[in-house]
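In what follows, a single structure is set out as structure tokens and then discussed.
Each reported figure results from applying straightforward, stated rules to the coordinates on display, with no laboratory input. Nothing here was measured: the structure is a model prediction, and the numbers come from that model. Glycine also receives a Cβ, built like all others from the backbone with ideal geometry; neighbour counts cover every protein chain displayed.
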């Protein structure tokens, strides 16, 4: 597990999914089941991955606060530059509950032992590839957040004022002399007999 994690966090990152304020890479074989705000449920042939992106903690540069569970089957702190996190695996019967926190993201997944390394690798690929867009996050959650307050507007007022209709009719109506012949300028008249 240590080798898998170290290799993944040191590789160059690519992304293939872009959302409001962040993007990341989803490995081949994983598909979206559901997404709401900064939470997503992803699935491969063996597992459901529950992903949470903590954009607010990233924006405010909140330090990761966690305590090691000494009852864990496996525990490892992860650190590469400013990106920090941990892997915690709890064993129950033949299943392993995996919690990985890294780079302001968190994945929780339950795996069988024979899929453990693959599950950790896919989770670390997603978490280590998270890239935030500071400008977008500033408009969503920062001091410069856009204000989407609604304003009530009545298009048709239920006021019955006959004078207002008369004044509009008078203002926009034109007097036409219907006896006057109107010529169509697109028509070409040819005089016969020449």
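Annotations for the structure displayed:
- With both labels modelled 7 Å from their Cα along Cα-to-Cβ, the residue 36 to residue 75 distance reads 3.2 nm.
- Calculated FRET efficiency for the pair residue 141/residue 114, C-beta based, R₀ 45 Å, to 0.05: 0.65
- Three-way shape label, the range 28-126, alpha-carbon gyration tensor, a/c 1.5: oblate
- Note on residue 28 and residue 66: the extension gain reaches 10.6 nm, defined as 0.36 nm multiplied by sequence separation minus the Cα-Cα distance.
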